[in-house]
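In what follows, a single structure is set out as structure tokens and then discussed.
Nothing in this text is a laboratory measurement; each read-out follows from the coordinates by a stated rule. Because the structure is a prediction, the values reported are computed rather than measured. With ideal geometry, Cβ positions are generated from the backbone for all residues, glycine too; neighbour counts draw on all protein chains shown.
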């Protein structure tokens, strides 16, 4: 049964406050019902508003779900302190990213594929959209900047494709297994693949 807001005092929300409330309601609906049972009407009811309010912002439930996932991640950023080692900082980043990404958001993304296929063909556009919303690469780039400053990483080897390797491999592992990354997998990604690509000779 969906949560009823009958009896709640009316709220006049506009702009960012309204959009935040709508996205929070959409995330709550995703958590409670999953993407398969997500409806615009259910989100509107939970948010205490009407369907047209949502329809003016998102073309359908797929776009709304992507925005809600991105909003949730943006509210729960991954931060990694300076540990004095690019290897340990990257390991902590992947560990935290993995813990935040599973299991619900991954299942939502997999369920989204059919609705998004006619427009995008695959999840690459969704991934870019989410990465922009949550600053997915910001912390990674900060860690690599520290590694360059400490002499652990060769800045000339950090092309966009190489820089994306640890997150791309971690994401693929999570999508295949639907479980968080083990430390063994994390260190295999770093020690066998990524760090040999970017270390100074």
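Assorted remarks:
- Peptides 178-185, 22-29 ordered by packing proxy, namely the average of other Cβ atoms within 10 Å per residue, highest first: 22-29, 178-185.
- Between residue 200 and residue 100, the distance separating the two model label sites (each 7 Å from Cα on the Cα→Cβ line) works out to 3.0 nm.
- For peptides 150-161, 63-74, sequence by mean Cβ density within 10 Å, most packed first: 63-74, 150-161
- FRET efficiency for residue 191 and residue 41, using Cβ-Cβ distance with R0 set to 45 Å, rounded to 0.05: 0.35
- Arranged from fewest to most other beta-carbon atoms within 10 Å of their beta carbon, 192, 92, 30, 75 become 192, 75, 92, 30.
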